[in-house]
Amino acid sequence: MSTNSKQRVDPRITRTKKLFKEAMISLLQENDDKSKVTVQKLANRAELNRATFYLHYQDIEDLMEQMVNEVLEELSGKINPVFGDHENTGTLPIVSFLEHIYDHAVLFQVMLENKDFRRKLFNILVEIISIRREIKKGSGTSVKVPIEIVASSTFGIVTWWIQSGTPYSPIYLADQINLLYRKNINAQGNTVKKG
């Protein structure tokens, strides 16, 4: 069996899953309490039936888990090529990260309630910062702030941005984050030099 035939998915399945995901997002936007979302409510909102839901998902948790995995796989797929080619494209991984969130802001706003999603999103930020730090080491820049602290504060900024309805463009926010850390690194360097 060829790779193309393995990757081919019936468009009806893709459409059905999309309808269930959109219904889930819609219901969660109306009511933050995921426990109040039932398969019947989901099916009604998607204008499909319960049996169709169970053809694709075991339960609501399975749907949520698939949604989390898909959005994070898309995010990783978007930023990973940038790590190796950011010098040629001029795009930083943090910009690609923020652009993906911006493009799917409603989904990210809903998914932030999921602890597993938050943990995985945080880990992607740690990866971005770690790789960027490795690149900076080559330029002789010395950074003392632990990666987890930088990732936590960046995660806080990104979380605020999502929950506020993404009031700034991804490029502007990335510039502000970079400016914040550049000023802190410069301030640290000045403190060390004076002491």
Quiz item: Mind checking which pairs have a first residue in segment 41-55 that is over 12 Å from A23 (Cβ atoms) and a second that is of a type in the set (S, T, N, Q), Cβ under 9 Å, 6 or more apart or different chains?
Solution: R50/Q40; L55/T16
Exercise. Restrict the check to segment 132-143 and report whether at least one residue is at pLDDT 85 or above, within 22 Å of N80 (Cβ to Cβ), assigned to a helix (DSSP H, G or I) and not assigned by TED's automatic domain parsing to the domain that holds K21.
Key: no
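To keep it simple, each residue is scored yes or no on (1) of a type in the set (K, R); (2) modelled with pLDDT of 85 or more.
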residue: K78; (1), (2): yes, no
residue: L92; (1), (2): no, no
residue: V95; (1), (2): no, yes
residue: L98; (1), (2): no, yes
residue: I101; (1), (2): no, yes
residue: E148; (1), (2): no, yes
residue: F155; (1), (2): no, yes
residue: Q163; (1), (2): no, yes
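Go through segment 43-74 residue by residue and tally those that are in a helix (DSSP H, G or I) and closer than 26 Å to R119 by Cα.
Step one: list which residues in segment 43-74 are in a helix (DSSP H, G or I), which gives 43-46, 50-56, 60-74.
Those still in the list that are closer than 26 Å to R119 by Cα too: 56, 60-74.
Counting residues in segment 43-74 that are in a helix (DSSP H, G or I) and closer than 26 Å to R119 by Cα gives 16.
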Quiz item: Inside segment 101-118, can you point out the residues that are touching a helix residue (DSSP H, G or I) at 6+ places or on another chain (Cβ under 7 Å) and outside any loop (DSSP other than H, G, I, E, B)?
Solution: I101, Y102, A105, V106, L107, F108, Q109, V110, M111, D116, F117
Exercise. State which residue pairs qualify: first residue aromatic (F, W, Y) and inside segment 148-177, second residue part of a helix (DSSP H, G or I) and surrounded by 15 or more Cβ atoms within 10 Å (Cβ to Cβ) in any location, beta carbons under 7 Å apart, and separation of 6 or more residues or different chains.
Key: F155/F122; F155/L125; W161/L173; Y168/W161
Practice problem: Scan segment 21-42 for residues that are within 20 Å of H104 (Cβ to Cβ) and assigned to a loop (DSSP other than H, G, I, E, B) and jot them down. | Solution: D32, V37
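Test of understanding: among E22, E113, E30, which residue is acidic (D, E), in the same structural domain as I157 (by TED's automatic domain parsing) and either under 21 Å from the mean Cα position of the chain (by Cα) or at pLDDT below 90 (or both)?
Just one listed residue meets the conditions, E113.
The values are calculated or read from the model by the stated rules, or taken from the named source; none is laboratory data. Just so it is clear, the model here is predicted, and its values are computed rather than measured. Neighbour counts are summed over all protein chains in view; Cβ atoms, including those assigned to glycine, are modelled from backbone coordinates with ideal geometry.
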